[in-house]
Amino acid sequence: MGFWPVFLALLLALTACQRSKDLEVIPAAPRGDALRGLDLMAKHECGRCHEITGVLPAPQSKHCVDCHRDILAGKIDAPPDVLPQWRAAVAPLADRLAIPDAPGHYRRAWVERFLLDPHDLRPNLHPMMPRLALTPDEARDIATALAPADDEHIEWLRANADRGRALLEEKACGTCHLFTGVPPLPETPPAAVPGEAHLAIHALAPDLRHTRDRLRVAALIDWLRAPYAIKPGTPMPDPGLTARQARDIARYIMTAPLAPAPEPVAEPRLPVLSRRVDYEEVSRRVFRKTCWHCHGEPDYGIGDGGPGNTGGFGFKPRGLSLADYDGIASGYLDEHGERRSLFAAGPDGTPRILGSLLARREEIAGRSSQSLRGMPLGLPPLSPEEIQLVESWIAQGRPE
Amino acid sequence: MKRNPLVRVAMAAVLALPLFGAAEQAALACENGVQIVVDIQTPKIARAEKALNEGKLTLAAVGVLQVFPHIRSAPAGLGSLTAKALRIMAIAAVRTDGALTAGEQWRGVTAEEKSANIDWAITTLRALNKARAKAPSLQTDLGEALAKVDKHHAEALKILGGLADKDLITSAQGYAALARLREAAGDKEGTAAALKRCESMAKSPGVCRASAAPSV
């Protein structure tokens, strides 16, 4: 065999090898019923927080984000001593969290998993996606509605991950984004953005670790090149990238080796306090501070006691008010419409309400219970001190 | 944090005037027009409820009467704020053993007046329970009220005992009433259990150790 045929054969083999590294095929995840998915999004009131094509926004009295916007715009009357606290709390939650009207944006499998077991996508944002009462089939249907196009043929076109990393640093993406699992991205001092606006930008930036599961590559490249075209009004700035630069960054984000996610810190369970804990204290530090927003008193809310009381987000009315002592002592409605005590012991002897608080810790650690929904819904778990307070109050016989 | 719009269409307030006599004269100015006014009833009733929970029974009653001066004749199913007001008034009447006196509109001086106040409280709490089924707080209140009248003791014991079995008695006074009923029935163990719960819940030990209220 002559030199040239061998040479050409080797050259073709090398090219094919390189090309195979540049090509990836990701098959579509199993498909559900997209039309049913749209109905489910209406039923679960996704429009209270999200803008989604095909899903009506929630009415004004139930629209969470619009209420937050009204607070920030000074349209809600509130005592002057609490208004600054309200403003600080709602500033990161004044974005309508638009789901891009782009069929190929998300990966369906990730959406399905996220709906069933939400994880902390935006670590700088205090609240997170609540864990709704969805069956796996329902999650699949919603995922199909949000991600109808799912299979992907990726051509990297020699995108270079090392260049991508350098660009991430140059563009100071680390100012807003965490990227856990890779060497930390440097931050630069934020541009002069008014305090509340900066809070919002910083809070909404997702951890880039999840991007490879969450977005399709083409969608990421499109996003990097023109975020406003995909989501008008997004706080993501236009990084001013060429097509090649966008591919380089995308390749880094999608393929950089990731260190395993750190194990969640096991929070201690503090011993019951020996000093007296009365209702006023536990209400001020826990129930009214955290729980009341969803478990309110309907008689003072024009019949709306929040999703945890009169129902919402697809949850049945549970009749559970945590707004006052009577409400807590009145328990909740079970699946059969019968009243149950919040202090009834579970299989391990833990009072029901305490079990829910501890279950939230487990959810954050990736160990969601099928029998108990963690509380507070969509918020970080209560601190060990707050749980200790509730547990102490219960152990002392729930003093008024 | 709870969004509670502080606006009401004044026409609704004007229509309600003949029934209860709204306290604020500003609502009268709109004649047949529609005018947005600030709702001041809700925070007043909330303050009255707070006073009740603090044991300030007369203050609670005065607060209710400022908003609903004709509360004695208000139907239970009219609205949620009215229901709140009725409940506050009923509990205040029960816990004063009928001796609730608040201004010109409410008297509890003579034996007849006290008895009438207790009867009114029982009737009102029955109506509230009918309008809002499976509400342990209303059931507890009814049990506490029934325990004030000899002929209603059996019913009171049934209500409060049933709630206690499910750990759904919502007040120390409810457990105190249960303790008295069980004591009268000769149930020592049950009495001790109810007293123990009362003592762990009550802000003031006097709530649990009060002797049985004179039957009316």
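The values are calculated or read from the model by the stated rules, or taken from the named source; none is laboratory data. Values in this document were obtained by computation on a predicted structure and should not be read as measured data. So basically every Cβ, Gly included, is an ideal-geometry build from the backbone, and we count neighbours across all protein chains shown.
For every residue, the table says whether it meets (1) farther than 27 Å from B:Leu195 by Cα; (2) buried (at least 24 other Cβ atoms within 10 Å of the Cβ); (3) touching a Gly at 6+ places or on another chain (Cβ under 7 Å).
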site	(1), (2), (3)
B:Arg107	yes, no, no
B:Ala116	yes, no, no
B:Val149	no, no, no
B:Ala154	no, no, no
B:Leu160	no, yes, yes
B:Lys166	no, no, no
B:Tyr175	no, yes, no
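Of everything in the range A:99-134 that is over 22 Å from A:Arg361 (Cα atoms) and out of contact with any helix residue (DSSP H, G or I) (no Cβ under 8 Å at 6 or more places or on another chain), the residue that is surrounded by the most Cβ atoms within 10 Å (Cβ to Cβ) is A:Pro103.
Among the residues of the range A:109-155, the one identified as under 16 Å from A:Leu204 (Cα atoms) and either over 16 Å from the mean Cα position of the chain (by Cα) or acidic (Asp, Glu) (or both) is A:Asp120.
Yes/no matrix, rows are residues, columns are (1) under 20 Å from A:Ala147 (Cβ atoms); (2) at pLDDT below 90; (3) in contact with a strand residue (DSSP E or B) (Cβ under 6 Å, 6 or more places away or on another chain):
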position	(1), (2), (3)
A:Ala16	no, yes, no
A:Ala28	yes, yes, no
A:His44	yes, no, no
A:Lys75	no, yes, no
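Scanning the range B:128-159 for residues that are closer than 22 Å to A:Tyr279 by Cα and in a helix (DSSP H, G or I) yields a count of 7. When residues in the range A:166-178 are screened for being at pLDDT 95 or above and not in a helix (DSSP H, G or I), 0 of them pass. I need a count of the residues in the range A:287-334 that are among the acidic types (Asp, Glu) and more than 10 Å from chain B (Cβ to nearest Cβ). Looking only at that region, the number is 1.
Listed here are the residues, each with its yes/no results for (1) at pLDDT below 95; (2) surrounded by 17 or more Cβ atoms within 10 Å (Cβ to Cβ).
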{"site": "A:Leu357", "(1), (2)": "no, yes"}
{"site": "A:Glu362", "(1), (2)": "yes, no"}
{"site": "A:Ser368", "(1), (2)": "yes, yes"}
{"site": "A:Pro381", "(1), (2)": "yes, yes"}
{"site": "A:Ile387", "(1), (2)": "no, yes"}
{"site": "A:Pro399", "(1), (2)": "no, yes"}
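Helices (runs of 4 or more DSSP H) fully within the range A:264-375 that include at least 1 residues being small (Gly, Ala, Ser) and over 23 Å from B:Lys50 (Cβ atoms): A:352-364.
Inside the range A:274-315, can you point out the residues that are of a type in the set (Val, Ile, Thr) and under 28 Å from A:Pro57 (Cα atoms)? Don't jump to the end; show me each part of the working.
So the first thing to find is which residues in the range A:274-315 are of a type in the set (Val, Ile, Thr), and the list is A:277, A:282, A:286, A:290, A:302, A:310.
Those that are of a type in the set (Val, Ile, Thr) and under 28 Å from A:Pro57 (Cα atoms): A:Thr290, A:Ile302, A:Thr310.
Which one of A:Arg339, A:Arg398, A:Arg361 is of a type in the set (Lys, Arg), in contact (Cβ under 8 Å) with a residue 12 or more places away in the chain and away from chain B (no Cβ under 14 Å)? Before the answer, list the steps.
Values: A:Arg339 fails: away from chain B (no Cβ under 14 Å); A:Arg398 fails: away from chain B (no Cβ under 14 Å).
Criteria check complete, one pass: A:Arg361.
Which is over 22 Å from A:Gly319 (Cα atoms), surrounded by 21 or more Cβ atoms within 10 Å (Cβ to Cβ), modelled with pLDDT of 90 or more and not polar (S, T, N, Q), of A:Leu224, A:Leu273, A:Leu241?
Values: A:Leu273 fails: surrounded by 21 or more Cβ atoms within 10 Å (Cβ to Cβ); A:Leu241 fails: surrounded by 21 or more Cβ atoms within 10 Å (Cβ to Cβ).
Only one candidate qualifies: A:Leu224.
Only a single item in (1) within 14 Å of chain B (Cβ to nearest Cβ); (2) under 17 Å from A:Leu204 (Cβ atoms) is not met by A:Lys75, and it is number (2). The residues on offer are B:Leu17, B:Leu28, B:Leu81, B:Leu52, and the sole one that is within 14 Å of chain A (Cβ to nearest Cβ) and at pLDDT below 90 is B:Leu81.
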